[in-house]
Amino acid sequence: FQHWEPIIPLYFGWFLNEADSHMLKLVGMAYLEECLRVPEFAKDFHSFAHASDIRGMLDYYLMPESCKGRMLHCTSKFCSFGDVPGSFEYTSSKNVLEGCGQCYKLCIVGFVMTPRTFGARVKLDAEELKLWDQESESQLSTSPGVSSGVRHLVHSSTHQNLTVINSMRESPWYPHCHATLVSSEELEQSFQPTKGKGSRAHITLGCAEGIAAVTTGYDLLDVIECEETPDIASRCRTFSLPRGWLRDYGKSRWVLYMCREITVSSLFTGYY
Ligand code: 2AM
């Protein structure tokens, strides 16, 4: 008989490969730049970023200290080396033992921008949800200062990724993107790509200086709460952009809903 003890990591998650990490950072920046062409967004962004030009605004979000120099990832369970309740059970569960080292496709359905964080919203599939064990909506009330605050496959080759970005830039609308304010009659479409279990899933793309990465999930939960408010569509400004819809939830909380999802490749494992 051998006694087996799992080594509990700082966190488990889906880690993007180098090419897809690079690509998603570029795509995120391209979308942010597109949003900054909407005067209402640019004005609000300027009010907290205090940058004098678009370049300065794009530099507002930085990679938090805990994520610097690493591949982008989507945290599935934060364990803090075993300090978080349930870490042992999670680490030794069949799903996690079998999932480690496996590849998963992550589906990006939008972006959330606040004065604190910039995150890509992830829609987990049924297999991925089996590995999901993050605190849910109930945790929101204890998170600090929350209120202040068609499928497109992108291949895993850097060359192809750069082609995607370049073709975005070269498309005729890109330098002259004109957003139109969507009328309330046009807002029949549901603007809630994720809800319930796993809706906090995200990839942190950047945070304001001094803000910890964990805040991105709290900002996403805050936005999801807004999305669930009855008649929210009639009370928010929504702008139609060439590649999606940009909605202002107030208090400098903006969400970009993409018309075409982006899929990235990832490896599920622990970070030790
Ligand atoms: P993130 O998943 O929102 O990016 C290392 O700090 C990683 O673990 C970060 O990616 C971070 O946030 C996540 N993390 C840090 N503290 C956390 C917590 N208390 N709960 C959940 N995730 C946390």
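Listing for the model above:
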item: Any strands (runs of 3 or more DSSP E) falling wholly within segment 13-132 and containing at least 1 residues that are closer than 25 Å to residue 241 by Cα; result: 103-113, 117-123
item: Among (1) in contact with a helix residue (DSSP H, G or I) (Cβ under 8 Å, 6 or more places away or on another chain); (2) surrounded by fewer than 21 Cβ atoms within 10 Å (Cβ to Cβ); (3) more than 30 Å from residue 82 (Cβ to Cβ) - the single one residue 265 does not satisfy; result: (3)
item: Any hit, segment 100-116, residues being at pLDDT below 50 and more than 16 Å from the ligand (Cβ to nearest atom); result: no
item: Per-region count, segment 36-85, residues farther than 30 Å from residue 129 by Cα, of a type in the set (Gly, Ala, Ser) and touching a Phe, Trp or Tyr at 6+ places or on another chain (Cβ under 8 Å); result: 2
item: Candidate set from segment 38-80 (those that are at pLDDT 90 or above, buried (at least 16 other Cβ atoms within 10 Å of the Cβ) and not hydrophobic (A, V, I, L, M, F, W, C)); member that is farthest from the ligand (Cβ to nearest atom); result: 46
item: Contacts under 6 angstrom Cβ, first residue in segment 64-89 being within 19 Å of residue 100 (Cβ to Cβ), partner more than 10 Å from the ligand (Cβ to nearest atom) and part of a helix (DSSP H, G or I), 6 or more apart; result: 71/21; 72/21; 72/24; 77/90; 79/87
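The values are calculated or read from the model by the stated rules, or taken from the named source; none is laboratory data. Just so you know, these numbers come straight off a predicted model, no measurement behind them. Using ideal geometry, Cβ is built from the backbone for each residue, glycine included, and neighbour counts are taken over all protein chains shown.
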